[in-house]
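Student: Can you read through this structure? Questions will come right after.
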Amino acid sequence: MGGGFEKLEFMVAVDILPQDHLYYANVVLPESTYIEKDDPMFPIPYAPAFGFQTRVKAIEPLYDTKHVIDMMAEITRAVGKEEVFFKYLGKMLDVEAENLKNYYHSEGLAGIRRAQAEAKGIDYNELISKGSVIKVTRDN
């Protein structure tokens, strides 16, 4: 490896496994693996339909790891920028920021997913039980 990494003044890296770029990092934040974390709802990009899917954690994290959203929420809260974080996360996820923040504080990542489902008119329990919800197929 090489290039620009050694020119950086300070580098924070987030990863689930040891990787070469981590040698250049001043701080490494360990992220949970996909089976250890809930994920927000995201569009199904490859299906012949319009729908959403999500991941529900199968096990608790084995070590001291977190979802990257949890890391960013904690960091922005610590530096007094939590409102800004939820404002931009809300824009990215197309969810009202205050709802997103309130659901996150009450339910964690699952709350973000619940706020998304509510905003899109999706049955949250169906999403959790099936892992995906198809809103419109090409036949509709």
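The values are calculated or read from the model by the stated rules, or taken from the named source; none is laboratory data. Since the structure is predicted, the reported quantities are computational estimates derived from the model, not experimental observations. Neighbour counts run over all protein chains shown; Cβ positions are idealised from the backbone, glycine included.
Student: Can you pull out the helices (runs of 4 or more DSSP H) entirely within the stretch 68-140 that have at least 2 residues that are in contact (Cβ under 8 Å) with a residue 24 or more places away in the chain and either in the same structural domain as Phe50 (by TED's automatic domain parsing) or surrounded by 17 or more Cβ atoms within 10 Å (Cβ to Cβ) (or both)?
Tutor: Fully inside the stretch 68-140 and qualifying: 68-78, 109-120, 124-130.
Student: If you don't mind, another one. Of all the residues that make up the stretch 18-37, how many are part of a loop (DSSP other than H, G, I, E, B) and more than 25 Å from Ala110 (Cβ to Cβ)?
Tutor: Number of matching residues: 4.
Student: Could you say which residue among Arg77, Arg55 is among the charged types (D, E, K, R) and under 23 Å from Glu118 (Cβ atoms)?
Tutor: Only one candidate qualifies: Arg55.
Student: Here's something else I'd like to know. Which condition number does Glu60 fail, the rest of (1) under 28 Å from Phe5 (Cα atoms); (2) among the charged types (D, E, K, R); (3) part of a loop (DSSP other than H, G, I, E, B) being met?
Tutor: Only one criterion in (1) under 28 Å from Phe5 (Cα atoms); (2) among the charged types (D, E, K, R); (3) part of a loop (DSSP other than H, G, I, E, B) is unmet by Glu60, namely (1).
Student: Return yes or no: is Lys57 under 19 Å from His105 (Cα atoms), of a type in the set (D, E, K, R), within 13 Å of the chain's Cα centre (by Cα) and in the same structural domain as Arg114 (by TED's automatic domain parsing)?
Tutor: So Lys57 passes the test.
Student: Could you please give the count of residues in the stretch 1-17 that are over 23 Å from the mean Cα position of the chain (by Cα) and either surrounded by fewer than 12 Cβ atoms within 10 Å (Cβ to Cβ) or part of a loop (DSSP other than H, G, I, E, B) (or both)?
Tutor: Here the count works out to 9.
Student: Restricting the search to the stretch 27-46, which residues are touching a residue at least 40 places away in the same chain (Cβ under 8 Å) and farther than 18 Å from Ser129 by Cβ?
Tutor: Of everything in the stretch 27-46, those that are touching a residue at least 40 places away in the same chain (Cβ under 8 Å) and farther than 18 Å from Ser129 by Cβ turn out to be Leu29, Glu31, Lys37.
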